[in-house]
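S.K.: Got a structure for you, written out below as structure tokens; questions coming shortly.
The values are calculated or read from the model by the stated rules, or taken from the named source; none is laboratory data. Predicted, not measured: the structure shown is a model, and the values here were computed from it. Backbone-built Cβ (ideal geometry, glycine too); neighbour counts: all protein chains shown.
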Amino acid sequence: MRALYDSVETREGYIDRFGNVINSVRIKLSADEVRALFTTPQTLLAAPGPNKFIAIDQAVAYLDYSGGAFAGGNDLEIRATGITGTVLVEDGFASTFLNSVADAISIESGVSYWGEVTRLLDQPVIAWVPVADPTGAASTSTLTLILFYKVIKVY
């Protein structure tokens, strides 16, 4: 029965017959890019192409604190397409995480597990803060985002 749904991939185990495998991407944002996340959202994943959308399984954020904290009420959101797009990570990353004064890790699930709203096809994935650019001119910390995702093909 397994053969109806899976095919053997020599090095990566099983994939489904439609090619929906879990991928990952790691993006490192500089302190300047973090301070500009409201005015200049960062593209994490490009649009996947016609008849496809990106489903986030899990998002990991790692703040590498290196001096001077970010400040402000700036929850970090991961969204489809742009600032008005669908939120793709369940709770986002709280401002207390982004404003940490020590190395910090936060892990969030994708919203597809909890009844996501209607999605559009062929949209990129961005990181954005919805209130204002984080402040903290003295901060030199970097932010690494790791996304585990699937590109879903609809026919």
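S.K.: Given the condition closer than 22 Å to Thr40 by Cα, loosely packed, with under 14 Cβ neighbours inside 10 Å and more than 18 Å from the chain's Cα centre (by Cα), answer yes or no: does some residue in region 140-151 qualify?
M.R.: Checked against the condition, which is being closer than 22 Å to Thr40 by Cα, loosely packed, with under 14 Cβ neighbours inside 10 Å and more than 18 Å from the chain's Cα centre (by Cα), region 140-151 yields at least one hit.
S.K.: Ok, one more. Provide a single number: the residues in region 44-80 that are under 17 Å from Leu120 (Cα atoms) and polar (S, T, N, Q).
M.R.: The total comes to 1.
S.K.: Just to be sure, is Thr86 closer than 17 Å to Ile152 by Cα and without any contact (Cβ under 8 Å) to a residue 40 or more places away in the chain?
M.R.: Criteria met by Thr86.
S.K.: Do we have any residue at all in region 101-124 that's without any contact (Cβ under 8 Å) to a residue 40 or more places away in the chain and within 16 Å of Gly72 (Cα to Cα)?
M.R.: Yes, the conditions are met somewhere in region 101-124.
S.K.: Spot the failing condition for Asn74; the list is (1) over 19 Å from Leu147 (Cα atoms); (2) at pLDDT 90 or above; (3) surrounded by 15 or more Cβ atoms within 10 Å (Cβ to Cβ), and only one is missed.
M.R.: The single condition Asn74 does not satisfy is (2).
S.K.: I'm trying to understand the selection: among the residues of region 62-92, which are over 10 Å from the mean Cα position of the chain (by Cα) and of a type in the set (A, V, I, L, M, F, W, C)?
M.R.: Across region 62-92, the qualifying residues are Leu63, Ala69, Phe70, Ala71, Ile83.
S.K.: Which of the residues that make up region 25-61 are among the hydroxyl-bearing types (Ser, Thr, Tyr), over 10 Å from the mean Cα position of the chain (by Cα) and closer than 18 Å to Arg79 by Cα?
M.R.: Residues satisfying the conditions are Thr39, Thr40.
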